[in-house]
Amino acid sequence: MLLSNSAHPQPSTRIAVLNMFPYLRTAGYEPVILFEPPAGAETPNVDGVAERARAEGVDAVFFQKVHGPSVRAAMAALRSMGIPTIYGVCDRVDEEIVRATDATVIVTEFLKQLHAPELQPRIHVVHDGIEAPELQRSELPPSRDGRLRAALVTSSELESIPPLSPLPRFLDLTVIGRYRDDLSPLRIAYERLKKALRAPGGPRLAPLFGPGFRTRAWHPERVYQDLMQADVGIIPVDMRFDPLPGRDVSYWEVKSENRLTLNMALGLPVVASPVPSYLPIIEQGVNGYIARSRAEWLDALDALRDPEHRRQVGQAARSSVIERFSMEAQARGLIAVLQNLTERSLTA
């Protein structure tokens with residue numbers, strides 16, 4: 001049961017589900033897509049899907065991030081048929097669905113701990129897998145003007161970076177996100193200026209305007225090449241309090257480590273905001289940096305201007321994540337959950 005269409009999958013569908021299909025087949029499971037929306041939909045209408053699962057002899061159903069009344073009804077119908085269900089989630093807390101399913105697969109320990117204590121035994125942490133482990137960055141020649149080349153991967157169209165606006169003079173930043181590549185630099189600047197002038201609260205100039213900043217449209221393959229043209233990767237987040245519904249934590253606090261391990265697996269030294277899932281991975285100054293204030297950001301970036309230090313941190317970064325966050329490790333975790341459920345179902 002997919003969040004997005006397999007022909008044009010969102011990253012979470014690709015990483016959490018489609019990438020796992022070869023490993024599932026090797027382990028003796030045959031994946032069957034029971035439902036996929038024409039476009040991404042978290043609360044789809046899935047009427048009839050339980051009956052289809054029974055007709056096709058499905059042994060277990062994985063719900064990838066979908067929720068809502070129709071999904072809960074399907075879960076209840078499957079339970080009445082004796083078909084185990086699994087809820088896969090990466091960025092929200094929905095205890096009603098956790099109770100309605102036989103197991104929940106979640107991407108971080110921090111997100112798991114936000115659930116009620118009695119639900120903990122049925123929640124399993126399965127980390128996102130690194131998609132291109134064969135790619136490894138080589139240290140670049142120093143830039144001609146001695147500036148540090150940074151790259152930031154985002155799913156948004158950023159206009160400012162709170163910890164780093166204005167950008168330090170020694171930094172050139174490429175933001176890889178929801179941008180267009182078919183516009184000239186002048187047209188891009190014009191469109192951003194129009195957007196800034198329409199901003200709530202009156203006209204303002206976007207802080208990222210300037211010679212040290214450029215944008216690139218995100219592409220699933222080209223993003224790796226873009227990152228390997230950088231000296232460092234940065235992952236700043238807006239740490240203002242923006243709570244999850246009914247929770248005393250912000251949306252940024254439940255982010256997975258996927259963007260971090262994407263950078264680190266390439267051998268790229270990273271400076272990142274203190275997202276809880278990042279903290280167990282980064283050893284300060286050894287395989288990366290956590291920065292909580294502008295001063296800490298500037299100190300970390302300044303330290304990484306040294307090519308030898310960058311090389312050491314980048315090598316340590318790759319070594320610390322390449323096995324732990326591999327697709328093979330992800331598949332082992334998911335298959336263990338499936339085996340437990342199907343074995344219980346057979347003996348029930």
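Note on the range 75-112: residues that are touching a residue at least 60 places away in the same chain (Cβ under 8 Å) and not aliphatic (A, V, I, L, M) total 10. Checking Ala316, Ala303 one by one, the residue that is more than 20 Å from the chain's Cα centre (by Cα) and free of Cβ contacts under 8 Å to residues at least 24 places away in the same chain is Ala303 and no other. Scanning the range 317-338 for residues that are under 17 Å from Leu227 (Cβ atoms), of a type in the set (A, V, I, L, M) and in a helix (DSSP H, G or I) yields a total of 2.
Return a yes/no flag: does the range 134-148 have any residue that is open to solvent by 20 Å² or more (accessible area, probe 1.4 Å), within 16 Å of the chain's Cα centre (by Cα) and modelled with pLDDT of 95 or more. Please lay out each step first, then the result.
Pass one, the range 134-148, residues open to solvent by 20 Å² or more (accessible area, probe 1.4 Å): 134-147.
Okay, now just the ones that are also within 16 Å of the chain's Cα centre (by Cα), so none.
No - not one qualifying residue is present in the range 134-148.
The residue pairs whose first member lies in the range 265-288 and is surrounded by fewer than 22 Cβ atoms within 10 Å (Cβ to Cβ), whose second member is hydrophobic (A, V, I, L, M, F, W, C) and part of a loop (DSSP other than H, G, I, E, B), and whose beta carbons are closer than 6 Å, counting only pairs six or more residues apart or on different chains, are Ser273/Val237.
When the residues of the range 219-252 are narrowed to those that are among the β-branched types (Val, Ile, Thr) and outside any loop (DSSP other than H, G, I, E, B), which ends up surrounded by the fewest Cβ atoms within 10 Å (Cβ to Cβ)? Taking the candidates together, the pick is Val223.
The values are calculated or read from the model by the stated rules, or taken from the named source; none is laboratory data. Predicted model only: the values in this text are computed from it and were never measured. Backbone-built Cβ (ideal geometry, glycine too); neighbour counts: all protein chains shown. Surface areas here come from the heavy atoms of the whole protein model, side chains and all, with no ligands, DNA or RNA. Shrake-Rupley method; radii C 1.70, N 1.55, O 1.52, S 1.80 Å.
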